[in-house]
1. Roughly speaking, what is the stretch gain from Ile100 to Ala13, that is 0.36 nm per residue apart minus the C-alpha to C-alpha distance, in nm to one decimal?
2. With a 1.4 Å probe and all protein chains kept in place, how do Ser102, Ser26 rank by accessible area, largest first?
3. Count the lysine pairs in the chain that are 8 or more places apart or on different chains: how many have C-alpha atoms under 27 angstrom apart?
4. From the phi angles alone, apply the Karplus equation (6.51, -1.76, 1.60; θ = phi - 60°) to region 85-94 and give each ³J(HN,Hα) in whole Hz, x where the residue is Gly or Pro.
5. Could you sort Lys17, Lys111, Lys76 by accessible area so the largest value comes first, with the probe set to 1.4 Å?
6. Using a 1.4 angstrom probe, figure out how much accessible area the chain has per residue, in square angstrom, rounded to the nearest whole.
7. Going by the alpha-carbon gyration tensor, a ≥ b ≥ c the square roots of its eigenvalues, is region 1-81 rounded (a/c under 1.5) or, if a/c is not under 1.5, prolate (a/b greater than b/c) versus oblate?
8. When DSSP assigns beta bridges and you keep just the ones with both residues in the chain, what percent turn out antiparallel, to the nearest 5?
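The values are calculated or read from the model by the stated rules, or taken from the named source; none is laboratory data. Note that this is a predicted model, so its numbers are computed, not measured. All Cβ positions, glycine included, derive from the backbone under ideal geometry; neighbour counts span all protein chains shown. To get the accessible areas, we keep the full protein, side chains included, count just its heavy atoms, and leave off ligands, DNA and RNA. Shrake-Rupley method; radii C 1.70, N 1.55, O 1.52, S 1.80 Å.
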Amino acid sequence: DAGVHSKAWYAAACDRKMAEDALYRSNKDGSFLIRKSSGQDSRQPYTLVVFYNRRVYNIPIRFIESTRQYALGREKSGEERFDSVAEIVENHQRTSLVLIDSQNNTKDSTKLKHIVRVS
């Protein structure tokens with residue numbers, strides 16, 4: 001278990017559009033939630049949704065079968081791996097998360113600051 005089900009930031013019955021709408025309504029940099037990924041792929045079970053600079057970022061959370069750990073985004077060498085999704089959230093509440101805008105090829109960073117509830 002990824003350690004998500006009892007967490008305030010986990011939006012269980014939430015799709016991408018609902019998550020994005022909730023974050024736009026919050027309109028605070030560092031607002032975030034975690035939802036189930038749309039693809040229902042066991043290798044990418046969750047998505048971290050973050051609001052920053054009037055944009056919403058959907059960052060895949062990968063499950064690494066060989067180590068039973070989780071990592072953010074596409075696989076890269078030297079990436080940070082975590083034993084649970086909760087550890088990813090706790091880590092990025094303390095240290096900045098790099099946000100990559102692939103369309104404009106820009107990078108930003110923010111900490112996870114505000115839990116957004118989807119109503």
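1. Values: separation 87, 0.36 × 87 = 31.32 nm, distance 2.63 nm.
Stretched out fully, the Ile100 to Ala13 stretch lengthens by 28.7 nm.
2. Ranked list, largest accessible area first: Ser102, Ser26.
3. So the count of such lysine pairs works out to 21.
4. 5, 4, 5, 4, 4, 4, 4, 8, 7, 9
5. Lys17, Lys76, Lys111
6. With the other protein chains kept in place, the chain gives 59 Å² per residue.
7. Verdict is prolate for region 1-81.
8. 85
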